[in-house]
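Just below is one structure, and these are the notes that go with it.
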Amino acid sequence: MNKFYDKILFAVALLLLAGSLAFYFTGSDTGPEAKSLSGTPSGAAYDVVAVPQPQLQGSTDWPEVQPVGDNENRLYRVFTPPKIYWDPVEKALTWDAPGEKAPPPPFGLVLESVKRELFRIQFEAYFESDDGNYDHSIVQFYNHENSETVRGSVGDAFPESGFEIVSFNVERKVVETEGSTEIFRYPTAVIKDTRSGETLTLTTAERLYVPDQFEIHMATTAPYPAEKFTWTKIGDKKTFDDAEFTLEEFNFDNQSATVEKTPLTLVDGVPAEPVIKTLYPIKVNPETKPEEKTQPNAPKSDSDLAEGFESFFN
């Protein structure tokens, strides 16, 4: 069988070889067709066509590239991407090429912290009475003015601390979760500030701050001499020989302060533009919580002591 296939393939190869030889001889320049193409062409001569010369139709005045925004180096051109550089002074990306333009002077101020003033009396803990009446519970406060612990029940007054206990209550909430039940207690103490006559509500969940009393702690950096100072309201200023700083706004929640720097010197006879910057503290130190004081030496029962500690940490 294999010999039969070999014979067929050999025959096909002979046919291809014969066809190739026939094409070579009939398509070569020795054939009759090649000889007919080697003669001199005849007919009319070609006309010479003049090459047209370009004519100027006028010019186009392209407008100058204008900067984007206030930065004169922020230019966009067709097929030319903008260049962005790293500013090692400001620690940020900039459009100004290093060495081409003098870096702007340092801002000169940093924010250390934004703090609120705590109210002088803070609610710390409570101890329930045996009869379950919250009016008879022992309520514990902390006086920040003289750094001492004050304990009492509803109706007690503390002239040296400037307050009296108006009411006390504990709200209990039951939270059902998968396979468990949790009971949370939310104690609330209402006091009267005998100095201002105001009635204030204190809880262990949140501390009470004096309304509209803030302290914005600032510090100078080069080129100004090292100094720390405190701003307490919007519009407070700090003046140096070459600039004046003004507190524009601040935010306690995200610990930020927006400051405007107004240069007092002239540049080429023209006052320099003010610089507004939002500052954040490099390292935020959280305010210390009211100091924990020792509990009464002899609580009325173990359950009272456990409940007192639970109320303090919840």
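The values are calculated or read from the model by the stated rules, or taken from the named source; none is laboratory data. No experiment lies behind these values; they were computed from the predicted model shown. Positions of Cβ are generated from backbone atoms using ideal geometry, with glycine treated the same way; all protein chains shown enter the neighbour counts. Remember, those area values only see protein heavy atoms, side chains included, never the ligands or the DNA or RNA. Shrake-Rupley method; radii C 1.70, N 1.55, O 1.52, S 1.80 Å.
From the list S167, S153, S137, S196, the lone residue that is farther than 30 Å from S256 by Cα, touching a helix residue (DSSP H, G or I) at 6+ places or on another chain (Cβ under 7 Å) and among the small types (G, A, S) is S153.
With respect to the conditions (1) open to solvent by less than 80 Å² (accessible area, probe 1.4 Å); (2) farther than 19 Å from A257 by Cα, L247 lacks only one, and its number is (2). Residues that are out of contact with any helix residue (DSSP H, G or I) (no Cβ under 9 Å at 6 or more places or on another chain), closer than 30 Å to V210 by Cα, in contact (Cβ under 8 Å) with a residue 40 or more places away in the chain and not in a strand (DSSP E or B): does the stretch 240-247 have at least one? The answer is no, given that none of the residues of the stretch 240-247 is out of contact with any helix residue (DSSP H, G or I) (no Cβ under 9 Å at 6 or more places or on another chain), closer than 30 Å to V210 by Cα, in contact (Cβ under 8 Å) with a residue 40 or more places away in the chain and not in a strand (DSSP E or B). Scanning the stretch 261-282 for residues that are over 22 Å from the mean Cα position of the chain (by Cα) and either at pLDDT 85 or above or among the basic types (K, R) (or both) returns K261, T262, P263, L264, E273, P274. Evaluating T230 against the criteria (1) surrounded by 16 or more Cβ atoms within 10 Å (Cβ to Cβ); (2) in a strand (DSSP E or B); (3) of a type in the set (S, T, Y) leaves one unmet condition, (1). Looking across the stretch 69-88 at every residue that is at pLDDT below 70 and of a type in the set (F, W, Y), the one that is nearest to V267 (Cα to Cα) is identified as Y76. Could you tell me which of the residues D29, D47, D61 is out of contact with any strand residue (DSSP E or B) (no Cβ under 9 Å at 6 or more places or on another chain) and either at pLDDT below 70 or surrounded by 10 or more Cβ atoms within 10 Å (Cβ to Cβ) (or both)? It is D29. Just checking, does the stretch 139-161 include any residue being touching a Phe, Trp or Tyr at 6+ places or on another chain (Cβ under 7 Å), charged (D, E, K, R), in contact (Cβ under 8 Å) with a residue 12 or more places away in the chain and within 29 Å of F252 (Cβ to Cβ)? No: zero hits.
In the stretch 184-202, is there at least one residue being charged (D, E, K, R), open to solvent by less than 50 Å² (accessible area, probe 1.4 Å) and not in a loop (DSSP other than H, G, I, E, B)? Yes: one or more hits. Residues that are open to solvent by less than 80 Å² (accessible area, probe 1.4 Å), at pLDDT 95 or above and of a type in the set (F, W, Y) do not occur anywhere in the stretch 215-227. Just one of the listed residues (D130, D193, D96, D135) is closer than 30 Å to F240 by Cβ, in contact (Cβ under 8 Å) with a residue 12 or more places away in the chain and not aromatic (F, W, Y), and it is D96. Among residues of the stretch 32-44 being modelled with pLDDT under 70 and open to solvent by 100 Å² or more (accessible area, probe 1.4 Å), the one that is nearest to P82 (Cα to Cα) is L37. Taking (1) touching a Leu at 6+ places or on another chain (Cβ under 6 Å); (2) not assigned by the TED database to the domain that holds A125 in turn, L202 satisfies each apart from (2).
Of the residues examined, K91 is not one that is at pLDDT below 90, among the basic types (K, R), farther than 30 Å from K228 by Cα and open to solvent by 60 Å² or more (accessible area, probe 1.4 Å). A single member of F127, F107, F141 is under 30 Å from G69 (Cβ atoms) and touching a Lys or Arg at 6+ places or on another chain (Cβ under 8 Å), and it is F107. Close Cβ contacts (under 8 Å, 6 or more residues apart or on different chains) running from residues in the stretch 47-76 that are closer than 14 Å to D96 by Cα to residues that are among the small types (G, A, S) and open to solvent by less than 100 Å² (accessible area, probe 1.4 Å) comprise N73/A97. The set of residues in the stretch 133-172 that are within 40 Å of the chain's Cα centre (by Cα), assigned to a strand (DSSP E or B) and surrounded by 13 or more Cβ atoms within 10 Å (Cβ to Cβ) comprises F141, Y142, N143, V170.
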